[in-house]
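The values are calculated or read from the model by the stated rules, or taken from the named source; none is laboratory data. Just so it is clear, the model here is predicted, and its values are computed rather than measured. In this analysis, Cβ positions are derived from the backbone assuming ideal geometry, glycine residues included, and neighbour counts consider all displayed protein chains. Ligands, DNA and RNA are stripped out before the accessible areas are found, and what is left, the full protein with its side chains, is counted by its heavy atoms. Shrake-Rupley method; radii C 1.70, N 1.55, O 1.52, S 1.80 Å.
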Amino acid sequence: MENQVLTPHVYWAQRHRELYLRVELSDVQNPGISITENVLHFKAQGHGAKGDNVYEFHLEFLDLVKPEPVYKLTQRQVNITVQKKVSQWWERLTKQEKRPLFLAPDFDRWLDESDAEMELRAKEEERLNKLRIESQGSPETLTSLKKGYLFMYNLVQFLGFSWIFVNMTVRFFILGKESFYDTFHTLADMMYFCQMLSVVETVNAAIGVIKSPVTPSLIQLCGRNFILFIIFGTMEEMQNKAVVFFVFYSWSAIEIFRYPFYMLSCIDMDWKVLTWLRYTVWIPLYPLGCLAEAVSVIQSIPVFNETGRFSFTLPYPVKIKIRFSFFLQIYLIILFLGLYVNFRHLYKQRRRRYGQKKKKIH
(Lines give C-alpha, C1' and ligand atoms only; values in the text may rest on other atoms or scores of the structure.)
Protein backbone atom coordinates (compact mmCIF):
# COMPACT_ATOMS: atom_id res chain seq x y z
CA MET A 1 0.00 0.00 0.00
CA GLU A 2 1.45 3.38 -1.01
CA ASN A 3 2.25 6.02 1.59
CA GLN A 4 -0.31 8.83 1.85
CA VAL A 5 0.91 12.24 0.60
CA LEU A 6 0.59 14.81 3.39
CA THR A 7 1.36 18.52 3.97
CA PRO A 8 3.94 19.42 6.66
CA HIS A 9 3.80 22.39 8.99
CA VAL A 10 5.66 25.35 7.44
CA TYR A 11 6.75 28.50 9.27
CA TRP A 12 7.94 31.66 7.51
CA ALA A 13 9.63 35.00 8.15
CA GLN A 14 11.11 37.67 5.90
CA ARG A 15 13.68 40.39 5.55
CA HIS A 16 13.90 43.02 2.82
CA ARG A 17 16.04 40.75 0.67
CA GLU A 18 15.18 37.23 1.80
CA LEU A 19 12.43 34.80 2.74
CA TYR A 20 12.93 32.13 5.40
CA LEU A 21 10.90 28.91 5.47
CA ARG A 22 11.15 26.28 8.20
CA VAL A 23 9.59 22.91 7.34
CA GLU A 24 8.81 20.75 10.37
CA LEU A 25 10.13 17.40 9.14
CA SER A 26 12.80 15.27 10.77
CA ASP A 27 15.11 12.61 9.31
CA VAL A 28 14.78 14.05 5.81
CA GLN A 29 17.20 12.98 3.10
CA ASN A 30 17.54 14.40 -0.43
CA PRO A 31 14.35 16.52 -0.50
CA GLY A 32 13.01 17.78 -3.80
CA ILE A 33 12.96 21.57 -3.60
CA SER A 34 12.61 23.83 -6.65
CA ILE A 35 11.08 27.09 -7.87
CA THR A 36 9.34 27.24 -11.25
CA GLU A 37 7.21 30.13 -12.47
CA ASN A 38 7.53 31.79 -9.06
CA VAL A 39 6.08 28.74 -7.28
CA LEU A 40 8.04 26.82 -4.63
CA HIS A 41 7.65 23.05 -4.91
CA PHE A 42 8.60 20.87 -1.96
CA LYS A 43 8.45 17.08 -1.68
CA ALA A 44 10.31 14.85 0.77
CA GLN A 45 10.15 11.64 2.74
CA GLY A 46 10.41 12.36 6.43
CA HIS A 47 8.91 12.15 9.90
CA GLY A 48 6.24 14.76 10.50
CA ALA A 49 2.93 15.19 12.31
CA LYS A 50 1.59 12.03 10.61
CA GLY A 51 4.64 9.90 11.19
CA ASP A 52 6.92 8.67 8.39
CA ASN A 53 5.38 9.70 5.09
CA VAL A 54 5.85 11.63 1.90
CA TYR A 55 5.13 15.30 2.58
CA GLU A 56 4.72 18.00 -0.03
CA PHE A 57 3.40 21.51 -0.57
CA HIS A 58 3.39 24.33 -3.14
CA LEU A 59 3.61 28.08 -2.51
CA GLU A 60 3.08 30.79 -5.12
CA PHE A 61 4.94 33.88 -3.87
CA LEU A 62 3.44 37.34 -3.71
CA ASP A 63 6.23 38.87 -5.82
CA LEU A 64 9.10 37.66 -7.98
CA VAL A 65 11.88 35.62 -6.39
CA LYS A 66 15.12 34.16 -7.69
CA PRO A 67 14.70 30.56 -8.84
CA GLU A 68 17.62 29.16 -6.80
CA PRO A 69 16.45 28.22 -3.28
CA VAL A 70 19.06 27.29 -0.71
CA TYR A 71 18.22 24.70 1.91
CA LYS A 72 19.85 23.16 4.95
CA LEU A 73 18.87 19.89 6.62
CA THR A 74 18.95 19.43 10.39
CA GLN A 75 17.84 16.47 12.44
CA ARG A 76 14.48 18.10 13.20
CA GLN A 77 13.68 20.40 10.24
CA VAL A 78 14.44 21.71 6.76
CA ASN A 79 15.47 25.38 6.55
CA ILE A 80 14.91 27.04 3.16
CA THR A 81 16.16 30.50 2.13
CA VAL A 82 14.73 32.23 -0.95
CA GLN A 83 16.13 35.49 -2.38
CA LYS A 84 13.69 38.20 -3.46
CA LYS A 85 14.34 39.68 -6.89
CA VAL A 86 13.65 43.19 -5.57
CA SER A 87 14.66 44.24 -2.07
CA GLN A 88 11.36 45.31 -0.50
CA TRP A 89 8.98 44.47 2.31
CA TRP A 90 6.04 42.15 1.48
CA GLU A 91 2.64 42.46 3.13
CA ARG A 92 2.22 38.66 2.97
CA LEU A 93 4.05 35.61 1.62
CA THR A 94 1.67 34.18 -0.98
CA LYS A 95 -0.16 35.55 -3.96
CA GLN A 96 -3.47 34.26 -2.62
CA GLU A 97 -4.81 36.52 0.09
CA LYS A 98 -6.01 33.68 2.29
CA ARG A 99 -3.15 32.09 4.17
CA PRO A 100 -2.82 28.32 3.63
CA LEU A 101 -3.70 26.27 6.71
CA PHE A 102 -0.26 24.60 6.92
CA LEU A 103 1.54 28.00 6.89
CA ALA A 104 2.24 30.10 10.01
CA PRO A 105 4.60 32.91 11.07
CA ASP A 106 8.01 31.89 12.41
CA PHE A 107 8.05 33.98 15.56
CA ASP A 108 11.63 32.93 16.37
CA ARG A 109 12.80 34.93 13.34
CA TRP A 110 9.91 37.34 12.94
CA LEU A 111 10.57 41.10 12.70
CA ASP A 112 8.27 43.91 11.72
CA GLU A 113 9.30 46.23 8.90
CA SER A 114 10.93 48.91 11.07
CA ASP A 115 12.97 46.34 13.02
CA ALA A 116 14.02 44.71 9.75
CA GLU A 117 15.18 48.10 8.42
CA MET A 118 17.28 48.64 11.54
CA GLU A 119 18.81 45.19 11.11
CA LEU A 120 19.49 45.93 7.44
CA ARG A 121 21.21 49.22 8.31
CA ALA A 122 23.30 47.46 10.96
CA LYS A 123 24.39 44.80 8.45
CA GLU A 124 25.23 47.44 5.87
CA GLU A 125 27.25 49.40 8.41
CA GLU A 126 29.07 46.22 9.41
CA ARG A 127 29.82 45.49 5.75
CA LEU A 128 31.19 49.00 5.19
CA ASN A 129 33.34 48.77 8.34
CA LYS A 130 34.72 45.45 7.13
CA LEU A 131 35.56 46.95 3.74
CA ARG A 132 37.19 49.94 5.44
CA ILE A 133 39.30 47.68 7.64
CA GLU A 134 40.30 45.55 4.65
CA SER A 135 41.28 48.62 2.64
CA GLN A 136 43.30 50.07 5.51
CA GLY A 137 44.67 46.77 6.72
CA SER A 138 43.66 44.97 9.92
CA PRO A 139 45.33 46.03 13.20
CA GLU A 140 47.16 42.69 13.32
CA THR A 141 48.48 43.19 9.78
CA LEU A 142 49.61 46.75 10.50
CA THR A 143 51.36 45.61 13.69
CA SER A 144 53.15 42.85 11.80
CA LEU A 145 54.22 45.26 9.07
CA LYS A 146 55.50 47.76 11.65
CA LYS A 147 57.46 45.07 13.47
CA GLY A 148 58.94 43.79 10.21
CA TYR A 149 59.93 47.30 9.16
CA LEU A 150 61.57 48.07 12.53
CA PHE A 151 63.31 44.69 12.59
CA MET A 152 64.86 45.28 9.16
CA TYR A 153 65.90 48.86 10.04
CA ASN A 154 67.63 47.76 13.24
CA LEU A 155 69.22 44.78 11.46
CA VAL A 156 70.72 47.01 8.74
CA GLN A 157 72.06 49.47 11.31
CA PHE A 158 73.48 46.63 13.43
CA LEU A 159 75.28 45.15 10.42
CA GLY A 160 76.64 48.55 9.40
CA PHE A 161 78.01 49.51 12.81
CA SER A 162 79.28 45.96 13.40
CA TRP A 163 81.27 46.17 10.16
CA ILE A 164 82.80 49.45 11.34
CA PHE A 165 83.59 48.13 14.83
CA VAL A 166 85.11 44.83 13.65
CA ASN A 167 87.09 46.55 10.89
CA MET A 168 88.57 49.08 13.32
CA THR A 169 89.38 46.39 15.89
CA VAL A 170 91.12 44.11 13.38
CA ARG A 171 93.07 47.00 11.86
CA PHE A 172 94.19 48.13 15.32
CA PHE A 173 95.54 44.67 16.20
CA ILE A 174 97.33 44.41 12.86
CA LEU A 175 98.61 47.98 12.39
CA GLY A 176 98.58 49.30 15.93
CA LYS A 177 98.51 53.11 16.31
CA GLU A 178 99.09 53.52 12.57
CA SER A 179 95.46 52.52 12.01
CA PHE A 180 94.33 55.70 13.83
CA TYR A 181 95.37 58.03 11.03
CA ASP A 182 93.53 56.52 8.06
CA THR A 183 90.30 55.61 9.87
CA PHE A 184 88.28 58.23 8.02
CA HIS A 185 89.45 57.21 4.54
CA THR A 186 88.81 53.53 5.30
CA LEU A 187 85.43 53.70 7.05
CA ALA A 188 83.83 57.06 6.22
CA ASP A 189 81.53 55.70 3.51
CA MET A 190 79.90 53.16 5.84
CA MET A 191 79.68 55.72 8.65
CA TYR A 192 78.04 58.19 6.25
CA PHE A 193 75.49 55.51 5.32
CA CYS A 194 74.67 54.57 8.93
CA GLN A 195 74.38 58.17 10.10
CA MET A 196 72.19 59.22 7.18
CA LEU A 197 69.98 56.20 7.81
CA SER A 198 69.68 57.18 11.47
CA VAL A 199 67.41 60.04 10.34
CA VAL A 200 64.74 57.34 10.08
CA GLU A 201 65.00 56.72 13.82
CA THR A 202 64.20 60.33 14.67
CA VAL A 203 61.33 60.37 12.16
CA ASN A 204 59.93 57.16 13.70
CA ALA A 205 59.93 58.80 17.14
CA ALA A 206 58.35 62.00 15.77
CA ILE A 207 55.43 60.25 14.02
CA GLY A 208 54.85 57.70 16.79
CA VAL A 209 56.09 54.54 15.09
CA ILE A 210 58.26 53.94 18.16
CA LYS A 211 57.45 55.00 21.71
CA SER A 212 60.52 57.10 22.32
CA PRO A 213 60.98 60.82 23.05
CA VAL A 214 62.08 62.85 20.05
CA THR A 215 64.53 65.17 21.84
CA PRO A 216 67.28 62.66 22.79
CA SER A 217 67.15 61.07 19.35
CA LEU A 218 67.29 64.46 17.62
CA ILE A 219 70.21 65.65 19.81
CA GLN A 220 72.23 62.54 18.99
CA LEU A 221 71.38 62.74 15.28
CA CYS A 222 72.34 66.42 14.94
CA GLY A 223 75.44 66.11 17.11
CA ARG A 224 76.91 63.11 15.34
CA ASN A 225 76.10 64.40 11.88
CA PHE A 226 77.64 67.78 12.70
CA ILE A 227 80.90 66.08 13.72
CA LEU A 228 80.85 63.67 10.77
CA PHE A 229 79.76 65.96 7.93
CA ILE A 230 81.08 69.37 9.05
CA ILE A 231 84.11 68.78 11.28
CA PHE A 232 85.47 65.69 9.48
CA GLY A 233 83.74 65.75 6.13
CA THR A 234 84.59 69.30 5.03
CA MET A 235 88.14 69.55 6.38
CA GLU A 236 90.79 67.23 4.94
CA GLU A 237 93.17 68.37 7.69
CA MET A 238 90.87 66.72 10.26
CA GLN A 239 90.48 63.45 8.39
CA ASN A 240 94.03 62.27 9.18
CA LYS A 241 93.84 62.90 12.92
CA ALA A 242 93.76 60.09 15.49
CA VAL A 243 90.65 61.55 17.14
CA VAL A 244 88.55 60.21 14.24
CA PHE A 245 89.35 56.67 15.41
CA PHE A 246 88.12 57.34 18.94
CA VAL A 247 84.94 59.07 17.77
CA PHE A 248 84.03 56.26 15.34
CA TYR A 249 84.96 53.55 17.84
CA SER A 250 82.83 54.98 20.66
CA TRP A 251 79.82 55.45 18.34
CA SER A 252 79.98 51.93 16.93
CA ALA A 253 80.68 50.31 20.33
CA ILE A 254 77.40 51.74 21.65
CA GLU A 255 75.34 50.81 18.60
CA ILE A 256 76.44 47.16 18.31
CA PHE A 257 74.51 46.55 21.54
CA ARG A 258 71.64 49.00 21.07
CA TYR A 259 70.44 47.93 17.63
CA PRO A 260 70.34 44.14 18.24
CA PHE A 261 68.44 44.83 21.48
CA TYR A 262 65.76 46.74 19.52
CA MET A 263 65.86 44.12 16.78
CA LEU A 264 65.05 41.28 19.19
CA SER A 265 62.39 43.42 20.89
CA CYS A 266 60.53 43.51 17.56
CA ILE A 267 60.07 39.73 17.75
CA ASP A 268 59.36 39.78 21.52
CA MET A 269 62.69 38.24 22.51
CA ASP A 270 64.62 39.26 25.61
CA TRP A 271 68.23 38.10 25.88
CA LYS A 272 69.20 39.12 29.41
CA VAL A 273 72.91 39.55 28.70
CA LEU A 274 72.24 41.78 25.71
CA THR A 275 69.60 43.73 27.66
CA TRP A 276 72.07 44.39 30.48
CA LEU A 277 74.75 45.50 28.00
CA ARG A 278 72.30 47.80 26.19
CA TYR A 279 71.38 49.52 29.48
CA THR A 280 74.94 49.59 30.87
CA VAL A 281 77.70 50.11 28.26
CA TRP A 282 76.53 53.65 27.58
CA ILE A 283 77.61 54.67 31.10
CA PRO A 284 81.33 54.77 30.19
CA LEU A 285 80.96 55.05 26.40
CA TYR A 286 78.69 58.13 26.16
CA PRO A 287 81.03 60.41 28.17
CA LEU A 288 84.06 59.02 26.31
CA GLY A 289 82.34 59.56 22.96
CA CYS A 290 81.35 63.09 23.98
CA LEU A 291 84.92 63.79 25.09
CA ALA A 292 86.26 62.53 21.74
CA GLU A 293 83.77 64.76 19.89
CA ALA A 294 84.83 67.76 22.01
CA VAL A 295 88.50 67.07 21.24
CA SER A 296 87.71 66.94 17.52
CA VAL A 297 85.90 70.30 17.73
CA ILE A 298 88.80 71.88 19.70
CA GLN A 299 91.34 70.55 17.19
CA SER A 300 89.27 71.89 14.29
CA ILE A 301 89.09 75.49 15.61
CA PRO A 302 92.59 76.56 14.43
CA VAL A 303 92.01 74.74 11.14
CA PHE A 304 88.80 76.67 10.48
CA ASN A 305 90.48 79.91 11.54
CA GLU A 306 93.34 79.30 9.13
CA THR A 307 91.21 78.35 6.15
CA GLY A 308 88.38 80.82 6.87
CA ARG A 309 85.83 78.23 5.84
CA PHE A 310 82.25 79.03 6.86
CA SER A 311 83.38 82.42 8.20
CA PHE A 312 81.59 85.53 6.92
CA THR A 313 81.57 89.30 7.22
CA LEU A 314 78.49 91.24 8.28
CA PRO A 315 77.26 93.78 5.70
CA TYR A 316 77.99 97.54 5.80
CA PRO A 317 78.08 99.52 8.04
CA VAL A 318 78.98 96.83 10.61
CA LYS A 319 81.62 94.96 8.59
CA ILE A 320 82.54 92.62 11.40
CA LYS A 321 84.02 89.25 10.45
CA ILE A 322 82.34 86.38 12.21
CA ARG A 323 84.61 83.36 12.39
CA PHE A 324 83.14 79.89 12.31
CA SER A 325 85.30 79.07 15.33
CA PHE A 326 82.99 81.33 17.37
CA PHE A 327 80.09 78.98 16.64
CA LEU A 328 82.30 75.97 17.42
CA GLN A 329 82.97 77.39 20.89
CA ILE A 330 79.23 77.76 21.42
CA TYR A 331 78.77 74.23 20.08
CA LEU A 332 81.13 72.89 22.77
CA ILE A 333 78.71 74.18 25.41
CA ILE A 334 75.75 72.69 23.53
CA LEU A 335 77.63 69.39 23.20
CA PHE A 336 77.89 68.92 26.95
CA LEU A 337 74.29 70.07 27.48
CA GLY A 338 73.25 67.41 24.98
CA LEU A 339 75.32 64.85 26.88
CA TYR A 340 73.43 65.78 30.04
CA VAL A 341 70.01 65.40 28.35
CA ASN A 342 70.87 62.04 26.80
CA PHE A 343 72.61 60.76 29.94
CA ARG A 344 69.56 61.69 32.02
CA HIS A 345 67.21 60.00 29.52
CA LEU A 346 69.27 56.79 29.44
CA TYR A 347 69.59 56.76 33.23
CA LYS A 348 65.79 56.95 33.58
CA GLN A 349 65.45 54.07 31.09
CA ARG A 350 67.88 51.95 33.07
CA ARG A 351 66.19 52.76 36.36
CA ARG A 352 62.76 51.80 34.92
CA ARG A 353 64.23 48.55 33.61
CA TYR A 354 66.11 47.41 36.69
CA GLY A 355 64.66 49.55 39.46
CA GLN A 356 66.44 50.96 42.42
CA LYS A 357 67.92 48.71 45.07
CA LYS A 358 65.95 49.08 48.25
CA LYS A 359 67.94 49.77 51.38
CA LYS A 360 67.56 47.19 54.09
CA ILE A 361 65.85 48.45 57.22
CA HIS A 362 67.42 47.06 60.39
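Distances between placed amide hydrogens fall under 5 Å for G233 paired with no residue 5 or more residues away or on another chain. Accessible surface of region 139-354, 1.4 Å probe: 69 percent of it comes from carbon and sulfur atoms.
Near K98, which lysines are there with a Cα under 29 Å away, not counting those fewer than 8 places off in the same chain? Within the straight-line limit of under 29 Å, K98 reaches these lysines: K43, K50, K66, K72, K84, K85. Counting only protein heavy atoms and a probe of 1.4 Å, the accessible surface of region 10-112 is 46% carbon and sulfur.
Entry note, region 10-112: relative contact order of 34 percent, from Cα contacts under 8 Å with a spacing of 6+ residues. The calculated FRET efficiency for R323 paired with N240, based on their beta-carbon distance and R0 = 35 Å, is about 0.95. For the chain, find the longest principal axis of its Cα atoms and tell me its angle to the long axis of helix 324-354, 0 to 90°, nearest 10. That helix lies at roughly 50 degrees to the long axis.
Against the chain, whose longest principal axis is taken from its Cα atoms, helix 183-197 shows a tilt of about 30°. With each label modelled as a point 7 angstrom along the Cα→C-beta vector, the L142-R350 pair spans 3.6 nm. Residue separation of E113 and L159 scaled by 0.36 nm, minus their Cα-Cα distance, works out to 10.0 nm of gained length. Of the GluC sites (Glu not before Pro) found in region 20-111, those that fall in a DSSP loop while having at most 13 other beta-carbon atoms within 10 Å are E37, E91, E97.
My understanding is that a pair violates if its Cα-Cα distance is over 27 Å; which of K123/K146; K241/K272; K241/K348; K146/K272; K130/K211 do that in this structure?
From K123/K146; K241/K272; K241/K348; K146/K272; K130/K211, over 27 Å: K123/K146; K241/K272; K241/K348; K130/K211.
Using the Karplus relation 6.51 cos²θ - 1.76 cosθ + 1.60 with θ = phi - 60°, the per-residue 3J(HN,Hα) values for region 164-172 come to 5, 4, 5, 4, 5, 5, 4, 4, 5 Hz, with x marking Gly and Pro. Distances between placed amide hydrogens fall under 5 Å for R109 paired with no residue 5 or more residues away or on another chain. For region 45-59, the residues whose backbone nitrogen is under 15 Å from a point 7 Å from the Cα of V39, taken along Cα to Cβ, are 56-59. Approximating the spin labels as points 7 Å out from Cα along Cα→Cβ, the R309-to-E68 distance works out to 7.6 nm. Backbone N atoms of region 152-175 closer than 12 Å to the 7 Å Cα→Cβ label point of T186 belong to residues 164-175. Can you tell me the alpha carbon radius of gyration of the chain divided by the globular rule-of-thumb value 2.2 N^0.38 Å? Cα-based Rg divided by the globular estimate yields 1.92. The HN-Hα couplings worked out from phi for region 10-23 by the Karplus form 6.51 cos²θ - 1.76 cosθ + 1.60 (θ = phi - 60°) are 10, 10, 9, 8, 9, 10, 4, 10, 9, 10, 10, 10, 10, 9 Hz, whole numbers, x standing for Gly and Pro.
Using a simple spin-label model with pseudo-atoms 7 Å out from Cα toward Cβ, I174 and M196 lie 2.7 nm apart.
Suppose R0 equals 51 Å; then what is the FRET efficiency for Q299 and I267 from their Cβ-Cβ distance, rounded to the nearest 0.05? Given R0 = 51 Å and the Cβ-Cβ separation, E is 0.75. In region 1-127, taking the dipole from charged Cβ atoms about the Cα centre, the farthest positive-side position among G48, Y11, S34 is held by S34. Heavy-atom accessible surface of the chain, averaged per residue, reaches 62 Å², computed with a 1.4 Å probe.
Pairs of Cα atoms nearer than 8 Å and 6+ residues apart set the relative contact order; for region 139-354 it is 23 percent.
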